[in-house]
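Rule-based calculations on the coordinates, nothing more; no lab input. Model, not experiment: these values are computed from the prediction. Positions of Cβ are backbone-derived with ideal geometry, glycine not excepted, and every protein chain shown enters the neighbour counts.
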Amino acid sequence: MLSKNRKIAGWVLAGLIAALLLFSAYGKFAMPEMAANFERWGLGHWRIIVACGEIIAALLFLFPRTNIFGVLLLSTHMGGAIVVHMSHGEPFIIQSVILVLVWITGFVRNPFMQATVH
């Protein structure tokens, strides 16, 4: 059972991260500069699929019953973003920070993920 403070912290972190990712997905649909980035990376035809995957992962991450699946999907999503930025010589610190925040939120919301020492 999670403490009240831990539940609140988990919801706040998950809400902020989900909002950030939903905004990012919106940008992939609506912002021409995002489309230009995907074209430059040779991934122009994947932009909409990536955005849809980002929405699904963010929503799974947000809700307690499915958040562990969201953690897994967002880990792979952010890992892919890191690799794309690295392979094109671009900074990837933002993607790395988001990935770490996803993991921290996963640990806050899922106590079974923590190792126990006897």
Helix 47-62 axis, angle to the chain major axis (alpha carbon atoms, nearest 10°): 10
Quick one: 66, 105, fewest Cβ neighbours within 10 Å first, how do they rank? 66, 105
Does anyone have the angle between helix 4-30 and the longest principal axis of the chain? Alpha-carbon axes, 0 to 90°, nearest 10? 10
Output the 0 to 90 degree angle, nearest 10, between the alpha-carbon long axis of helix 93-109 and the longest principal axis computed from the alpha carbons of the chain. 30
If you project the alpha carbons of the chain onto their three principal axes, what span does each projection cover, largest first, in Å? 50, 28, 18
